[in-house]
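Asker: Please read through the structure below; I'll follow up with questions.
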Amino acid sequence: MLKTIFSRFKKSWPKSDRSPLVHFEVNIFQRKQCVGYNEEELYYYSLTTPSIFKERFGFELNEDERRQVLDLQAQFKLCDWEVKLLKRAGDLRRNKKGEFGLIAERWSWWYGCTLTLYTSLSIAVTALGIAVSDRPPLMKLAAFLCLIAIYAPALWFNFRIMMLPWLILLRRGCQPGKWHTVQA
């Protein structure tokens, strides 16, 4: 089986004593180059090789925990970037029993909406203050650009960390506030 998988890359193998699996890890799993591999191969290599799992998801786990995360990914049909985002946002985590699961926190969405509203209101008040000031037009333009440079990343971060994980989990069928683990 491995011979047929690695036969695709025979021409690109280096002329060294490194094993094909090491070359496979280095070349195939760099920056979203997993195209051409079915889900079973990705599951197998991510489960058996910790470096491939870390390259795909951005964090390290032991084999049992990797199996749980990969099963959750398959169960809820999550992409690699979604698993990575859910882990960073804290919606993919380990409970007290040591099981990995997903939870759509209710406070996350409301906190994100409140923060977005507050940031938008402060942008509007600041922009109004800049607009009615008696400064030259070039200074007003510079002030607006600084305003955008400060608030745009804050809004992007807020959406990415607070609101997007909630939307992803709701679209995948997770109930708000309920702990979801791997279904046997």
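Asker: How high is the relative contact order of the stretch 106-174? Use alpha-carbon pairs under 8 Å, at least six apart in sequence, and give a whole percent.
Answerer: Relative contact order for the stretch 106-174 comes out at 55 percent.
Asker: If packing is taken as the mean number of other Cβ atoms within 10 Å per residue, what is the order of 135-147, 151-163, highest first?
Answerer: Peptide ranking by packing, descending: 151-163, 135-147.
No value in this document is a laboratory result; all are computed from the given coordinates. A quick note: this is a predicted structure, and the numbers were derived from the prediction, not measured. Don't worry about glycine lacking a Cβ; one is built from the backbone with ideal geometry, like all the others, and counts go over all protein chains shown.
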